[in-house]
Amino acid sequence: MKKYCYINEKIVEEKNACISPYDLGILRGYGVFDFMCTTKDNKPFLLHDHWMRLKRSADELQLTLPINKKEFTAIVNTLIQKNPYENPAIRSVLTAGVSKNGITLPKKPTFYILIHDITKLLPKKQFYKNGASIITHEFSRDNHASKTTNYIEAIKKQKEKNRRNAIEILYLDKKNILECTTANIFIIKNNELFTPKDDILSGITRKLVIKLAKKNNISVHEQKITKKQLFDADEVFITGSAKNILPITKVDSQKIGNEKPGQLTQKIHELYFDYFNNY
């Protein structure tokens, strides 16, 4: 089974894709990325939003995307057709490129696009039915507004996360909650939504949830949220392109609500998939 990717102006077999060991993405971890899913008919979901976030992330690191949105769309659609997956996911990666001295930004970046089998990345169905657990960790990412390739802290904590049977790691900044390693977080109190606003990556699924909630007369508050407010929440869920709307019923050793996915979380889930399936 052949798999294809795009790298530096060419579509090649994934096994033949090469990146220089002198690329600043390798030497210094200097790069950004984006991750996008597709609908049931293999249509890229919210492509414009993902493209704009990738561009903003690139701008933040003083990188320039070597293609425009029209070219990006065409390449993505070609890769979807050439690869064997149903409902594939698309990962776009932009690094600084090859640097002569290993520190100066070169003029030509490295840009590649990978196609993933989304079924290998999604949480188990039981978590959507019964809820999942997350653990907390005091940490705040640099370059909050950018989706950078620096996941050192997240990777370091994976063994602990797995040992404690958690689905995600929630970052805390002293007393306030921030974001998970690959997701945003919402809490529900008295049938109102609350989500952190500052010092986070403003996720695209997060943005859609806020839009759908407001459209359906559900109050949404973007504000600071303390750890105590998290533990006192009636319901909690996390959002992300590869997680959708995932109910959280336990944080560390603390049960959330009645330790079952709540009604409003289920409603948000339904609103999201109604939008997704009719996109």
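Summing Lys, Arg as +1 and Asp, Glu as -1, what charge do residues with Cβ under 14 Å from the Cβ of THR73 carry, THR73 excluded?
Overall, the nearby charge balance is +1.
From the convex hull of the Cα coordinates of segment 139-279, what is the mean projected area in square nanometres?
8.4 nm²
Only loop residues by DSSP count here, and only those with at most 16 other Cβ atoms within 10 Å; note down the GluC sites (Glu not before Pro) in segment 210-279 that meet that.
GLU259
How many percent of DSSP beta bridges within the chain run antiparallel, rounded to 5?
That works out to approximately 80 percent antiparallel.
Taking 4 °C and 1.567 mPa s as the conditions, I'd like the Stokes-Einstein D for the chain in µm²/s, using the Kirkwood hydrodynamic radius from alpha carbon pairs.
Calculated translational D: 66 µm²/s.
If the elastic network links every pair of Cα atoms under 10 Å, which of LEU24, LEU246, LEU121 fluctuates the most in the Gaussian network model of the chain?
Judging by the Gaussian network model, the answer is LEU121.
Between segment 88-111 and segment 242-270, how far is it from one alpha carbon centroid to the other, in angstrom?
So the separation of the two Cα centres works out to 38 Å.
How about segment 34-126: which trypsin sites (Lys or Arg not before Pro) there are in a DSSP loop, with at most 11 other Cβ atoms within 10 Å of their Cβ?
Filter output for segment 34-126: LYS40, LYS100, LYS107, LYS124.
Every number here is computed from the coordinates shown, using simple stated rules; none is lab data. Bear in mind that the values here come from a model prediction, so they are computed numbers and not experimental data. Counting neighbours? That spans all protein chains shown, and the Cβs are built from the backbone with ideal geometry, glycine included.
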